[in-house]
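Below is one structure; the comments refer to it alone.
The values are calculated or read from the model by the stated rules, or taken from the named source; none is laboratory data. Please read these numbers as outputs of a predicted model, since none were measured by experiment. These area figures cover heavy atoms from the full protein model, side chains too; ligands, DNA and RNA do not enter into them. Shrake-Rupley method; radii C 1.70, N 1.55, O 1.52, S 1.80 Å.
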Amino acid sequence: RKAPIRYSEVVERNARGGKTDPRGETWLVLDGMVLDISRWLGEHPGGDSIIPEQALNCDATVMFELYHVSRQSFLYLREFYVGELHPDDVASVPLPNELPPGGDGGASPGFLAEL
């Protein structure tokens, strides 16, 4: 997608689904990139609930770094890439509500360079 994606669209898409609307979507933000992992969520090795519980509607970069020690996970990112977050929205995307141990400093510069 060439046009930048507004953060409000990410939130709206994540709000879809449930009993009345089976088209639920799961869009993540990683360092300004928007990923649609909807079709893959059921295959996630950590289960299909950890991402919706911890990483929706926030910048999930630090969560991805902490939980994905193997860089093999990077191979999947290209497959799920939708586009870039609108530049005006990048700074307003919140961090996760609860960061796991070791995540309080945000994503490391080395990890961000790999993204």
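Quick notes on this structure:
- Taking the range 41-68 as the range and being open to solvent by less than 40 Å² (accessible area, probe 1.4 Å) and at pLDDT 80 or above as the test, the residues that pass are LEU41, HIS44, ILE51, ALA55, CYS58, ASP59, ALA60, THR61, VAL62, MET63, PHE64.
- Qualifying positions in the range 71-105 - open to solvent by less than 60 Å² (accessible area, probe 1.4 Å), more than 20 Å from TYR7 (Cα to Cα) and modelled with pLDDT of 70 or more: SER73, PHE74
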